[in-house]
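Right, one structure below, let's go through it.
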Amino acid sequence: MLEMVMERLQSFGYVFKPGDEVILNFCIQKVEKTILNDCNVTAIPDGLVCIAIDMAVGEFLTAKRTFSPGDIAGLDLDYAVKQIQQGDTTTVFATGEGNLTAEQRLNNFINYLLTYGRDQFSCFRRLRW
């Protein structure tokens, strides 16, 4: 899972620094334990792997934002699709982020990574006796 989390971070433009792997491993273990405890299973179900990856990225970015914010200054948060044009049809999405600061966009993004997909945990939950 470490490689997949690293690839996801790199896709956002993050450049790894020495010591990041230790923090990343801790974040991955934290997310894995959260999912295992919440679902009462012994291994992360295949259907939750992508959610676990995003949650680990969110945990990592939260730690970086708190302890060394300069390391995440190069993240590309302007990748959202705002308009799609196909033939003579154009669709424009109201993203509502035109007046948000970079810090607000980062906070929204991290919050999304940490919370998206938690409602899917119930699909894999086992009863505790």
Inset, instruction - Taking LEU114 as the residue in question, decide whether it is at pLDDT 90 or above and surrounded by 11 or more Cβ atoms within 10 Å (Cβ to Cβ). - result: yes
Legend entry - Hits in segment 15-35 (condition: in contact with a Gly (Cβ under 9 Å, 6 or more places away or on another chain), surrounded by 13 or more Cβ atoms within 10 Å (Cβ to Cβ) and over 22 Å from ARG126 (Cα atoms)): CYS27
Legend entry - Flag for PHE12 being touching a Leu at 6+ places or on another chain (Cβ under 6 Å) and surrounded by 13 or more Cβ atoms within 10 Å (Cβ to Cβ): yes
Inset, instruction - Scan (1) outside any helix (DSSP H, G or I); (2) more than 17 Å from TYR112 (Cα to Cα) for the single condition LEU75 breaks and write down its number. - result: (2)
Inset, instruction - May I ask you to verify whether LEU9 is under 11 Å from the mean Cα position of the chain (by Cα) and in a helix (DSSP H, G or I)? - result: yes
Inset, instruction - Test ASP38 against the stated conditions and say whether it is of a type in the set (Asp, Glu), touching a residue at least 24 places away in the same chain (Cβ under 8 Å) and surrounded by fewer than 17 Cβ atoms within 10 Å (Cβ to Cβ). - result: yes
Legend entry - Positions within segment 12-29 being under 12 Å from the mean Cα position of the chain (by Cα) and either modelled with pLDDT of 95 or more or over 20 Å from LEU106 (Cα atoms) (or both), in sequence order: CYS27, ILE28
Legend entry - Residue in segment 117-129 that is surrounded by the most Cβ atoms within 10 Å (Cβ to Cβ), counting only those that are under 11 Å from ASN40 (Cβ atoms) and touching an Asp or Glu at 6+ places or on another chain (Cβ under 8 Å): PHE121
Legend entry - Only listed residue being assigned to a helix (DSSP H, G or I) and either of a type in the set (Lys, Arg) or in contact (Cβ under 8 Å) with a residue 24 or more places away in the chain (or both), chosen from LYS30, LYS17: LYS30
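The values are calculated or read from the model by the stated rules, or taken from the named source; none is laboratory data. Note that this is a predicted model, so its numbers are computed, not measured. Here Cβ is always computed from backbone atoms with ideal geometry, including for glycine, and neighbour counts include all displayed protein chains.
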